[in-house]
Amino acid sequence: MPTTALLNIGSLVTNDPAQGDGSPLGVIRNGAVVIEDGTVAWTGPSDSAPAADTAHDAGGRAAIPGFVDSHSHLVFAGDRTEEFHARMSGRPYRAGGIRTTVAATREASDEALAANLAAHLREMRRQGTTTVETKSGYGLTTHDEARALRVAAEQADEVTYLGAHIVAPEYADDPDGYTALVTGEMLDACAPYARWVDVFCEQGAFGEDQARAILTAGQARGLTPRVHANQLSHGPGVQLAVELGAASADHCTHLTDADVDALAHGGTVATLLPGCEFSTRAVYPDARRLLDAGARVALSTDCNPGSSFTSSMPFCIAIAVREMNMTPDEALWSATAGGALALRRTDVGRLAPGARADLALLDAPSHVHLAYRPGVPLVTDVWHAGARV
Ligand SMILES: [Zn+2]
């Protein structure tokens, strides 16, 4: 197999504490990465890199593992610019806005949904994201949820069944009937395309008993839970996620001490989605509280047309540092290794031998610039599975 070397990396983040400075980021000064067959074969100081068939000079730029965006909603159609415009012009946010996207998504062809998804994945890739999770949740019929997942499975790394995003409009007077659909016929049609099952556990969406029924039905079909939890208010979502062994509890905006304790001592990652608070003018969660308690934290965009229409992980890092009390090192770790943990992946989110060769070069001397220079497009080169994008 031909080998490729990236040499002269001013500051190389590996997320392998056994390397470099011994910090959780495992930073190697003047580092190099050697790639073989799409995976990392070697990392270390540039001046001791083994000979490779092809060599690229990073010119002293920083390199980081490709971002792992573990939470997005990219199978959709339609436009909600006006809703955002109104909200930011002083009208209060209403969760019913999802229905606008549901109507447009149902009307769109498979080809249109696939093209929109592809465009957003390209946009993410350009910004350094090399692993993406995405969901259904704008179909809300058996047919439309299954085709959303079929479209997602063709392009995204990780796919989640979110038939329980909101109660379908047709079931507004019969939410238990909709839960029966989500745990029955719809699940049967969707399970083959998904690895994960998710539910929006919130007042006005799905309560504790419904969420439990949805997640355990998914588990019985081999899906692993993740939960939209505690976004708009305190509630049972986080503790239910931990109890059921969910990979991740996402949002975690409103947490009691007992919620923080459950996350710190359970196996569930707390995934924070600062783009959502930003775009809805909501109060940010305090990541410091989770980190100090010992919880594992991931950062993700929640990219969706309603409440967080950003695909930028660097933007989320900058907000997490400025508004959520994360250090620049913690924020980068959460956007890479943390996302991988939330997706139970060991092959991404780090640059160590055996990992998929996913990395981003920054027009900056170190990863700290991602927070230090907010809004500046610092990602200059992206490598995915050993190939330059
Ligand atoms: Zn979401």
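The values are calculated or read from the model by the stated rules, or taken from the named source; none is laboratory data. Source: prediction; values computed, not measured. Virtual Cβ from ideal backbone geometry, glycine too; neighbours counted across all protein chains shown.
Details
- For region 124-137, residues that are farther than 10 Å from L74 by Cβ and not β-branched (V, I, T) total 6.
- Looking only at region 132-147, and only at residues there that are of a type in the set (A, V, I, L, M) and more than 18 Å from the chain's Cα centre (by Cα), the one that is farthest from A104 (Cα to Cα): A146
- Residue within region 372-387 that is among the hydroxyl-bearing types (S, T, Y), farther than 18 Å from A58 by Cα, surrounded by fewer than 23 Cβ atoms within 10 Å (Cβ to Cβ) and assigned by the TED database to the domain that holds S233 present: no
- Among (1) part of a loop (DSSP other than H, G, I, E, B); (2) surrounded by fewer than 23 Cβ atoms within 10 Å (Cβ to Cβ); (3) without any contact (Cβ under 8 Å) to a residue 60 or more places away in the chain - the single one D292 does not satisfy: (1)
- Residue in region 123-133 that is free of Cβ contacts under 8 Å to residues at least 40 places away in the same chain, part of a helix (DSSP H, G or I) and aliphatic (A, V, I, L, M) present: no
- Restricting region 170-195 to residues that are under 25 Å from E111 (Cβ atoms) and surrounded by fewer than 23 Cβ atoms within 10 Å (Cβ to Cβ), the residue that is nearest to the ligand (Cβ to nearest atom) is R195.
- Complete set of residues in region 6-17 that are free of Cβ contacts under 8 Å to residues at least 60 places away in the same chain and under 19 Å from V348 (Cα atoms): P17
- Qualifying residue in region 127-139 (condition: under 30 Å from A249 (Cα atoms) and among the hydrophobic types (A, V, I, L, M, F, W, C)): yes
- Residue check for T100: touching a Lys or Arg at 6+ places or on another chain (Cβ under 9 Å) and at pLDDT below 95: yes
- Matching option when the condition is closer than 18 Å to M124 by Cα and more than 13 Å from the ligand (Cβ to nearest atom), among L291, L299: L299
- From the list A258, A249, the lone residue that is under 18 Å from the mean Cα position of the chain (by Cα), small (G, A, S) and either in a strand (DSSP E or B) or surrounded by fewer than 19 Cβ atoms within 10 Å (Cβ to Cβ) (or both) is A249.
- Taking region 122-133 as the range and being more than 16 Å from the ligand (Cβ to nearest atom) and either at pLDDT below 95 or charged (D, E, K, R) (or both) as the test, the residues that pass are R122, E123, R125, R126.
- Residue satisfying all of: in region 214-235; away from the ligand (no atom under 12 Å from the Cβ) and of a type in the set (S, T, N, Q); surrounded by the most Cβ atoms within 10 Å (Cβ to Cβ) among these: N230
- The residues of region 79-101 that are surrounded by 16 or more Cβ atoms within 10 Å (Cβ to Cβ) and assigned to a loop (DSSP other than H, G, I, E, B), listed by number, are R80, Y93.
- So G339, is it within 16 Å of the ligand (Cβ to nearest atom) and either within 30 Å of A5 (Cα to Cα) or assigned to a helix (DSSP H, G or I) (or both): yes
- Which listed residue, of V321, V376, V348, is farther than 20 Å from R29 by Cα, among the β-branched types (V, I, T) and not in a loop (DSSP other than H, G, I, E, B): V321
- Leading residue by the ranking (farthest from the ligand (Cβ to nearest atom)) among those in region 261-288 that are part of a loop (DSSP other than H, G, I, E, B) and crowded, with 24+ Cβ neighbours inside 10 Å: T268
- In region 196-213, the residues that are surrounded by fewer than 19 Cβ atoms within 10 Å (Cβ to Cβ), in contact with a Leu (Cβ under 7 Å, 6 or more places away or on another chain) and among the acidic types (D, E): E208
- Looking at R61, R91, R80, just one residue is of a type in the set (K, R) and closer than 19 Å to S312 by Cα, and that residue is R80.
- Residues of region 42-65 that turn out to be part of a loop (DSSP other than H, G, I, E, B) and within 15 Å of D363 (Cα to Cα), as a count: 4
- Sole residue being within 16 Å of the ligand (Cβ to nearest atom) and small (G, A, S), chosen from S136, S46: S136
- Residue within region 303-313 that is within 14 Å of the ligand (Cβ to nearest atom), part of a helix (DSSP H, G or I) and touching a helix residue (DSSP H, G or I) at 6+ places or on another chain (Cβ under 9 Å) present: no
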